[in-house]
Amino acid sequence: LHTQDGVYLIRDAMNHIESRIDPAIFTRIHRSQIVNLNFIKEIQPWGHGDYVVLMQNGETLNLSRRYRDRVFDRI
């Protein structure tokens, strides 16, 4: 878990974490990543239906094809 205060390790299934957070604010972008939609700066195509998500803090994350429609429906 990456926050403004630091990085924390959570040992739980992604599906369980995803079921406990607000889907209006958070969405899954990859099998191992959930992001806060309010902190997405830009989404760029990366080829073969994949995308790169640029976060406001400068971090880049992969948006997989599997979760692409879910993200684009929410932004």
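Just so it is clear, none of the values below were taken in a lab; they were calculated from the coordinates. Keep in mind that what you see is a predicted model, and the values were worked out from it rather than measured. Here the Cβ is made from the backbone with ideal geometry for all residues, glycine too, and neighbour counts use every protein chain on show.
Report whether or not ARG74 is basic (Lys, Arg) and touching a residue at least 24 places away in the same chain (Cβ under 8 Å).
Yes; evaluated as a whole, the condition is true for this residue.
Residues that are loosely packed, with under 15 Cβ neighbours inside 10 Å: which strands (runs of 3 or more DSSP E) entirely in the range 19-75 hold 1 or more of them?
Filter on the range 19-75 gives 40-47, 50-55, 60-63.
What do you reckon, is LEU63 more than 19 Å from ILE10 (Cβ to Cβ), out of contact with any helix residue (DSSP H, G or I) (no Cβ under 7 Å at 6 or more places or on another chain) and among the hydrophobic types (A, V, I, L, M, F, W, C)?
No.
Considering only residues that are charged (D, E, K, R) and either in contact (Cβ under 8 Å) with a residue 24 or more places away in the chain or surrounded by 11 or more Cβ atoms within 10 Å (Cβ to Cβ) (or both), which ones fall in the range 2-18?
Listed by number, the list holds a single entry, GLU18.
Every residue, every condition in (1) under 9 Å from the mean Cα position of the chain (by Cα); (2) of a type in the set (Gly, Ala, Ser), yes or no:
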| position | (1), (2) |
| --- | --- |
| MET14 | no, no |
| ILE21 | no, no |
| ALA24 | no, yes |
| ILE29 | yes, no |
| GLY47 | no, yes |
